[in-house]
Amino acid sequence: MTIKFFEFRSRPWLLITSQIMVCCALIIASTSTRADSADALIHDLINGLHEDASNAVFDSYFARYTEDAVFMGTDKSERWTIDEFKDYAAPVFAEGRGWTYSVIERNLEGAGDTRWFDEILFNEKLGHCRGTGVVVLSESGWQIAHYSLTLLIPNDIAAEVGAQTISIDKPEPTN
């Protein structure tokens with residue numbers, strides 16, 4: 001169907017409808033571009049985090065976290081404020097040692113100024129791990145507010161690993 005200019009004059013609703021459709025398409029395209037841009041920045045942030053850790057680059061690594069960030073390691077005692085985590089990492093990084101986790105896959109969720117992610121990682125010593133976290137958009141850009149690292153234990157050996165954990169880490173008595 002071909003619409004000629006004179007049809008718009010005789011049917012003003014057709015012109016208005018066409019303009020609304022064009023505006024909607026532009027808004028959708030703009031929103032999609034912003035989301036894609038945010039996703040790319042978040043992936044860059046987390047990839048950079050892993051690269052900085054692997055290369056023991058202290059300042060850059062910790063600049064990726066918010067001032068009130070929390071890091072949770074693989075041990076039950078490892079729930080650290082960012083300052084506590086810096087105290088742990090400083091001597092390790094000062095020796096030029098870090099930790100290397102290769103990203104196998106990552107999922108980003110959420111929208112707006114707060115997003116969350118999960119990723120499967122591989123480490124030569126620990127095997128497959130899962131990192132989960134929350135990123136927030138600050139004045140400095142995207143930063144990590146919370147990161148948690150866990151070991152992925154295949155179900156076939158989970159009971160055995162659980163038994164080892166119980167024998168090493170005696171459960172605290174409940175009242």
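The values are calculated or read from the model by the stated rules, or taken from the named source; none is laboratory data. Keep in mind that this is a model prediction, so the values were computed, not measured. FYI the Cβ positions are ideal-geometry reconstructions off the backbone, even for glycines, and counts take in every protein chain you see.
Among all positions in segment 48-64, there is at least one residue which is aliphatic (A, V, I, L, M), within 13 Å of residue 135 (Cβ to Cβ), at pLDDT 95 or above and surrounded by 11 or more Cβ atoms within 10 Å (Cβ to Cβ). Look through segment 52-67, keep the residues that are acidic (Asp, Glu) and in contact (Cβ under 8 Å) with a residue 12 or more places away in the chain, and return whichever of them is farthest from residue 42 (Cα to Cα). Ranking the candidates gives 67 first.
The set of residues in segment 106-151 being in contact with a Ser or Thr (Cβ under 8 Å, 6 or more places away or on another chain) and among the β-branched types (Val, Ile, Thr) consists of 132, 134, 135, 136, 144, 150. Just one residue in the set 150, 165 is modelled with pLDDT under 95 and not aliphatic (A, V, I, L, M); that residue is 165. Screening the candidates 126, 121, 151 for the property of being surrounded by 14 or more Cβ atoms within 10 Å (Cβ to Cβ) and either among the charged types (D, E, K, R) or touching a helix residue (DSSP H, G or I) at 6+ places or on another chain (Cβ under 9 Å) (or both) yields one hit, 121.
Taken as a whole, segment 153-160 holds no residue that is in contact (Cβ under 8 Å) with a residue 12 or more places away in the chain and not polar (S, T, N, Q). For beta carbons closer than 8 Å, sequence separation of 6+ or different chains, a first residue in segment 68-97 that is closer than 30 Å to residue 137 by Cβ and modelled with pLDDT of 95 or more and a second that is of a type in the set (Val, Ile, Thr) and in a helix (DSSP H, G or I), the qualifying pairs are 68/82; 69/82; 70/82; 71/82.
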